[in-house]
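Enquirer: Just dropping this structure here.
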Amino acid sequence: MKGESSRERFDVLLPCHIAIIMDGNGRWARVRNLPRAVGHRAGMKTLQEIVRHASNLGLQWLTLYAFSSENWLRPVDEVEYLLSLLKSFIRCDLVDLHKNNVKIHIIGERDDLAEDIVSLFYEAETLTLSNTGLNLVVAFNYGGRNEIVRAVRKIAEHITSGRIKDDDIDDPLVASYLDTALMPDPDLIIRTSGEMRLSNFLLWQAAYSELSFVPCLWPDFSTVDFDMAIAGFCQRERRFGALEEEQMRGMIL
């Protein structure tokens, strides 16, 4: 059944931006008495399939939580394997992604990252810079609190230098200092594995995101599950803190 749906199924209600917390690789492997590395490898196959499907649907933005700033605390061999999978994904899939008009963005802190990783990110972003299809955002060495702290430091630096004044600080200005400055906030955030938390992911940007917590583990997540999450999103009423009557009045005015 995978890959049977199309953009027309969702009509104009297809979200502009979907973000995914890809959770459950380790548990998927454990219940099968397999090494965690096998779970991560299976999860990578799911990632590739979902990216292709999102591109075929005509989705504008897809953000994937690939490696958090806390993931460095995992065992060294697991971290090294995760890094090797990410490098393999970019190296092996970059040509196909480019051919399919996918534009790649990397968010997260790059200071102190190994040079080969930084250069790989630069290559992916540079090669796909002019593409106009799916915007694929890879959150690597990313943490929502870390992102906000880095933004606050930069704002303080610019106030001290006179580039901005403290009276200039408002929501749009803070957002302009985040890693996601040129991206729309996610309309829908999907998390697999049944866990119901954001785990330090897009904390500022998720203020009015719809959340979908899917029980299956990430390697088992299919295009059908993806489509069902979108269908659920399409049935929700988004008021962004306003009453429905206020929204309608605003539309009329």
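The values are calculated or read from the model by the stated rules, or taken from the named source; none is laboratory data. In this text, all values refer to a predicted model and were calculated from it rather than measured experimentally. Heads up, the Cβs are rebuilt from the backbone with ideal geometry, glycines too, and the neighbour counts pull from every protein chain shown. To get the accessible areas, we keep the full protein, side chains included, count just its heavy atoms, and leave off ligands, DNA and RNA. Shrake-Rupley method; radii C 1.70, N 1.55, O 1.52, S 1.80 Å.
Enquirer: Take the conditions open to solvent by less than 60 Å² (accessible area, probe 1.4 Å), aliphatic (A, V, I, L, M) and touching a Pro at 6+ places or on another chain (Cβ under 6 Å) and apply them to Leu188. Does it pass? Talk me through it step by step, then tell me what you get.
Expert: Values: open to solvent by less than 60 Å² (accessible area, probe 1.4 Å): yes; aliphatic (A, V, I, L, M): yes; touching a Pro at 6+ places or on another chain (Cβ under 6 Å): yes.
Judged against the criteria, Leu188 is a match.
Enquirer: Does Gly144 fit the bill of being in contact with a helix residue (DSSP H, G or I) (Cβ under 9 Å, 6 or more places away or on another chain) and within 30 Å of Val79 (Cα to Cα)?
Expert: Values: in contact with a helix residue (DSSP H, G or I) (Cβ under 9 Å, 6 or more places away or on another chain): yes; within 30 Å of Val79 (Cα to Cα): yes.
Considered against the rule, which asks whether it is in contact with a helix residue (DSSP H, G or I) (Cβ under 9 Å, 6 or more places away or on another chain) and within 30 Å of Val79 (Cα to Cα), Gly144 comes out as yes.
Enquirer: Can you pull out every residue in the stretch 191-216 that is of a type in the set (Lys, Arg) and open to solvent by less than 20 Å² (accessible area, probe 1.4 Å)?
Expert: The first filter runs over the stretch 191-216 and keeps only residues of a type in the set (Lys, Arg), leaving 191, 197.
Within the stretch 191-216, Arg191 is the sole residue that qualifies.
Enquirer: Something else about it: Answer yes or no: is there a residue in the stretch 95-103 that is under 30 Å from Ala151 (Cβ atoms) and surrounded by fewer than 19 Cβ atoms within 10 Å (Cβ to Cβ). Step through it out loud before you land on a result.
Expert: Initial filter on the stretch 95-103 (under 30 Å from Ala151 (Cβ atoms)): 97, 102-103.
From what is left, the residues that are surrounded by fewer than 19 Cβ atoms within 10 Å (Cβ to Cβ) are none.
Within the stretch 95-103 (the criterion being under 30 Å from Ala151 (Cβ atoms) and surrounded by fewer than 19 Cβ atoms within 10 Å (Cβ to Cβ)), the answer is no, since none of the residues qualifies.
Enquirer: Looking at the stretch 88-114 only, could you name the residues that are of a type in the set (Asp, Glu) and more than 16 Å from the chain's Cα centre (by Cα)? Please lay out each step first, then the result.
Expert: Here is the first cut: in the stretch 88-114, the ones of a type in the set (Asp, Glu) are 93, 96, 109, 111-112.
Once the filter is applied, which keeps residues that are of a type in the set (Asp, Glu) and more than 16 Å from the chain's Cα centre (by Cα), the stretch 88-114 yields Asp93, Asp96, Asp111, Asp112.
Enquirer: Exactly one condition in (1) touching an Asp or Glu at 6+ places or on another chain (Cβ under 9 Å); (2) buried (at least 19 other Cβ atoms within 10 Å of the Cβ); (3) touching a residue at least 60 places away in the same chain (Cβ under 8 Å) is false for Cys16; which is it?
Expert: Result: Cys16 passes all but (2).
Enquirer: Can you confirm whether Asp171 is of a type in the set (Asp, Glu), open to solvent by 70 Å² or more (accessible area, probe 1.4 Å) and more than 15 Å from Val138 (Cα to Cα)?
Expert: So Asp171 fits the description; yes.
Enquirer: Of everything in the stretch 195-235, what is β-branched (Val, Ile, Thr) and over 30 Å from Ser176 (Cα atoms)? Give them in sequence order.
Expert: Val214, Thr223, Val224
Enquirer: Of all residues being within 20 Å of the chain's Cα centre (by Cα) and in contact (Cβ under 8 Å) with a residue 24 or more places away in the chain in the stretch 73-87, which is surrounded by the fewest Cβ atoms within 10 Å (Cβ to Cβ)? Just the residue, please.
Expert: Applying the filter and picking the extreme gives Lys87.
Enquirer: I'd like to check something: does the stretch 34-43 contain any residue that is among the hydrophobic types (A, V, I, L, M, F, W, C), at pLDDT below 90, out of contact with any strand residue (DSSP E or B) (no Cβ under 9 Å at 6 or more places or on another chain) and over 23 Å from Leu188 (Cα atoms)?
Expert: no
Enquirer: Of Glu195, Glu147, Glu123, Glu157, which residue is of a type in the set (D, E, K, R) and not in a helix (DSSP H, G or I)?
Expert: On the way: Glu147 fails: not in a helix (DSSP H, G or I); Glu123 fails: not in a helix (DSSP H, G or I); Glu157 fails: not in a helix (DSSP H, G or I).
The conditions single out Glu195.
Enquirer: Now, a different point. Inspect the stretch 46-53 for any residue being hydroxyl-bearing (Ser, Thr, Tyr), in a helix (DSSP H, G or I) and at negative phi and give the result as yes or no. Don't jump to the end; show me each part of the working.
Expert: Of the residues in the stretch 46-53, the ones hydroxyl-bearing (Ser, Thr, Tyr) are 46.
Going one step further and asking which of them are in a helix (DSSP H, G or I), we end up with 46.
From the residues that got through so far, the ones that are at negative phi too are 46.
Yes, the conditions are met somewhere in the stretch 46-53.
Enquirer: Let me ask something else. Being at pLDDT 95 or above and in a loop (DSSP other than H, G, I, E, B) narrows it down to one of Leu202, Leu211, Leu173, so name that one. Give the steps one after another, and end with the answer.
Expert: Working: Leu211 fails: in a loop (DSSP other than H, G, I, E, B); Leu173 fails: in a loop (DSSP other than H, G, I, E, B).
Selected residue: Leu202, the only one of Leu202, Leu211, Leu173 that is at pLDDT 95 or above and in a loop (DSSP other than H, G, I, E, B).
A quick yes/no check of all residues on (1) touching a Gly at 6+ places or on another chain (Cβ under 7 Å); (2) over 17 Å from Ile189 (Cβ atoms); (3) surrounded by fewer than 20 Cβ atoms within 10 Å (Cβ to Cβ):
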| residue | (1), (2), (3) |
| --- | --- |
| Lys45 | no, yes, yes |
| Ser55 | yes, yes, yes |
| Ala66 | no, no, no |
| Ile106 | no, yes, no |
| Ile117 | no, yes, yes |
